[in-house]
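**Student:** One structure coming up, written as C-alpha cells, with questions to follow.
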Amino acid sequence: MKIAFGCDPNAKEFKLQLMEYVKGLGHETGDFGSDDPIYANTAIEVAKAVAAKEYDRGIVVCGTGIGVSIAANKVKGAYAACIHDVYQAQRAELSNHANVITMGSQVIGIQLAKELVKEYLSVEWDPNCRSVDKVQRIIDFENEQQ
C-alpha cells in the first residue's frame, strides 16, 4: 500500500518513526510535511491526496489527534478516524472504511502507535459487512451537501 503521512511540528519525530516502521512493513510512504504550525493545512493535504486515490491511506499526527481528524474530515472523500487503541485501529477500516487515521503524539507512546498502525494496515474493508448501509449513509449525506 501507499501511505500518506503528515503532522504538526510537535509530532515530527513521532511521524518519522512511524514512517520508518511502515516502510519496514513493506509499504510505500509519502511525507506531506511537519513544518506548518497550522496542522489543519497538512491534514487537509493528506486527506486530499487520499481522497484523490493518489495514496491508499493516510496517517496524520498532532498533539491529540483530534484537530487533524476534524480537518481531514472536511475533505470530500476523506474519512478520518482518531484512534488510540487496537480495537479502534481495526474497526476504523473494518466497520467504518476510514481511509485516514489520526493519533495524538502527546496522548499515546510510539510503541502503541506502531501497533495501531500495524493493525490498521493489516485489515481491509469488507463490502459485504453489516456496516455497509451505515457507511453508505455517511457518503450519501456528504454528496447531498454540494
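**Student:** In debye, nearest 20: dipole of the chain around its Cα centre with unit charges on the Cβ of K, R (+) and D, E (-)?
**Tutor:** Charge dipole of the chain: 120 debye, to the nearest 20.
**Student:** If you filter the range 94-146 for GluC sites (Glu not before Pro), then keep DSSP loop positions with at most 11 other Cβ within 10 Å, what is left?
**Tutor:** Glu124
**Student:** Then there's this: How large is the accessible surface per residue of the range 1-121, computed with a 1.4 Å probe and reported in Å² as a whole number?
**Tutor:** 44
**Student:** Something else now. Using only DSSP helix segments of four residues or longer, with each worth -39500 (n - 2.57), what per-residue ellipticity at 222 nm results for the chain after dividing by its residue count and rounding to 500?
**Tutor:** The helix-only estimate for the chain comes to -14000 deg cm²/dmol at 222 nm.
**Student:** About its Cα centre, what dipole magnitude does the range 62-146 give when the only charges are +1 on Lys and Arg Cβ and -1 on Asp and Glu Cβ, stated in debye to the nearest 20?
**Tutor:** My answer is approximately 160 debye.
**Student:** Also, quick follow-up: Which listed residue (Ala80, Asn143, His27) has the Cα farthest towards the positive end of the charge dipole for the chain, taking +1 on Lys and Arg C-beta and -1 on Asp and Glu C-beta about the Cα centre?
**Tutor:** Most positive-ward Cα: Asn143.
**Student:** Chymotrypsin sites (Phe, Trp or Tyr not before Pro), restricted to the range 29-103: which are DSSP loop and have at most 16 other Cβ atoms within 10 Å?
**Tutor:** Listed in order of number, the matching sites amount to none.
**Student:** Answer rounded, prolate or oblate for the range 1-44, using the Cα gyration tensor with square roots of eigenvalues a ≥ b ≥ c: rounded when a/c is under 1.5, else prolate when a/b is larger than b/c, else oblate.
**Tutor:** Since a/c reaches 1.5 but b/c is at least a/b, the shape of the range 1-44 is classed as oblate.
**Student:** What stretch of the chain, leaving out the sites themselves, is the longest with no trypsin sites (Lys or Arg not before Pro) in a DSSP loop having at most 13 other Cβ atoms within 10 Å?
**Tutor:** 77-129
**Student:** For the charge dipole of the chain, defined by +1 on Lys and Arg C-beta atoms and -1 on Asp and Glu C-beta atoms about the Cα centroid, which residue among Gln106, Gly63, Trp125 has the Cα displaced farthest towards the positive pole?
**Tutor:** Trp125
**Student:** Would you work out what percent of the accessible area of the range 88-146, with all protein chains in place, is carbon or sulfur (probe 1.4 Å)?
**Tutor:** 46
**Student:** Stretch Gln106-His27 to full length: gain in nm at 0.36 nm per residue minus the Cα-Cα span?
**Tutor:** 25.9 nm
**Student:** Taking the Cα-to-Cβ direction at Lys12 and at Ala40 and moving 7 Å from each Cα, how far apart do the two end points lie in nm?
**Tutor:** It is 2.3 nm.
The values are calculated or read from the model by the stated rules, or taken from the named source; none is laboratory data. All values reported here derive from a predicted model rather than from experimental measurement. Note that each Cβ is placed from the backbone with ideal geometry, even for glycine, and that neighbours are counted across all protein chains shown. SASA here: full protein model, heavy atoms, side chains in, ligands and nucleic acids out. Shrake-Rupley method; radii C 1.70, N 1.55, O 1.52, S 1.80 Å.
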